[in-house]
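Participant: Please find one structure pasted underneath; my questions will follow.
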Amino acid sequence: MRQIPVDMTGTTVMVAQPPQLKMRDKKNGVVAVDPETNGSLMTVDVLFVANGNAEVITVTVPEADISGELTTGTPVALTGLVARPWENEFNGQKRHGISFRATAVTSLAG
């Protein structure tokens, strides 16, 4: 799978929605896990501000690598942020997008 590193230079990032367990199968309550560590994955919605533009993105991160109190508005650092293009077909409809993954999310609140 292709991974595109995200340049964090000159960006401001803060929590838009606190971390939540990432579900592999919401209907059956199956939590998504990291294939390498078998640890649970979380999603964090963050407000990503760069070059005068702001956008909320959802970032997947291992649960063990979330540091500090992450409440709405908390400034954070995203370590190892990458973008991954994806595409699938569901009920004859092609869908595509970009998912984001970080190796860690750390609170910058002091």
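Participant: Give me the net charge for the shell around I66: Cβ to Cβ below 15 angstrom, other residues only, Lys and Arg +1, Asp and Glu -1.
Facilitator: Once positives and negatives cancel, what remains is -3.
Participant: Now for a different question. What translational D, rounded to a whole number of µm²/s, comes out for the chain from Stokes-Einstein when the hydrodynamic radius is the Kirkwood one over Cα pairs, at 20 °C and 1.002 mPa s?
Facilitator: Stokes-Einstein gives a translational diffusion coefficient of 144 µm²/s.
Participant: If you count the DSSP beta bridges with both ends in segment 1-109, what percent of them are antiparallel, to the nearest 5?
Facilitator: 90 percent
Participant: May I ask for the net charge around W86, where only other residues with Cβ less than 12 Å from the Cβ of W86 are counted and Lys, Arg are +1 while Asp, Glu are -1?
Facilitator: +3
Participant: Something else: Quick one: length gained pulling V30 to Q93 fully straight, 0.36 nm per residue minus the C-alpha distance?
Facilitator: Fully extending the segment from V30 to Q93 adds 20.2 nm.
Participant: Residue-wise, which Karplus ³J(HN,Hα) couplings in Hz belong to segment 63-71, taking 6.51 cos²θ - 1.76 cosθ + 1.60, θ = phi - 60°, and x for glycine or proline?
Facilitator: Each residue of segment 63-71 in turn: 4, 5, 10, 9, 10, x, 7, 10, 9 Hz.
Participant: Given segment 43-99 reduced to its alpha-carbon atoms as identical point scatterers, what log10 I(q)/I(0) does the Debye formula return at q = 0.12, 0.22, 0.26 Å⁻¹?
Facilitator: -0.40, -0.99, -1.20
Participant: Here is a follow-up. Among G110, M8, A32, which residue has its Cα furthest toward the positive end of the charge dipole of the chain, with +1 on Lys/Arg Cβ and -1 on Asp/Glu Cβ?
Facilitator: Selected residue: A32.
Participant: Sorted by average packing, counted as other Cβ atoms within 10 angstrom per residue and highest first, what order do 12-22, 28-38 take?
Facilitator: In decreasing order of mean packing, 12-22, 28-38 become 12-22, 28-38.
Participant: On to the next question. So what's the net charge close to V76: Lys and Arg +1, Asp and Glu -1, counting the other residues with Cβ under 13 Å from its Cβ?
Facilitator: -3
Participant: Size of the dipole of the chain about the Cα centre, Lys and Arg at +1 and Asp and Glu at -1 on the beta carbon, nothing else charged, in debye to 20?
Facilitator: Using only the charged Cβ atoms, the result is roughly 360 debye.
Participant: Still on this structure: Taking the highest mean first, how do the peptides 57-66, 88-97 order by number of other beta carbon atoms within 10 angstrom per residue?
Facilitator: 57-66, 88-97
Readers should treat all values here as calculations from the given coordinates under stated rules, not as data from a laboratory. Remember, predicted model here, so these are calculated numbers, not experimental data. Virtual Cβ from ideal backbone geometry, glycine too; neighbours counted across all protein chains shown.
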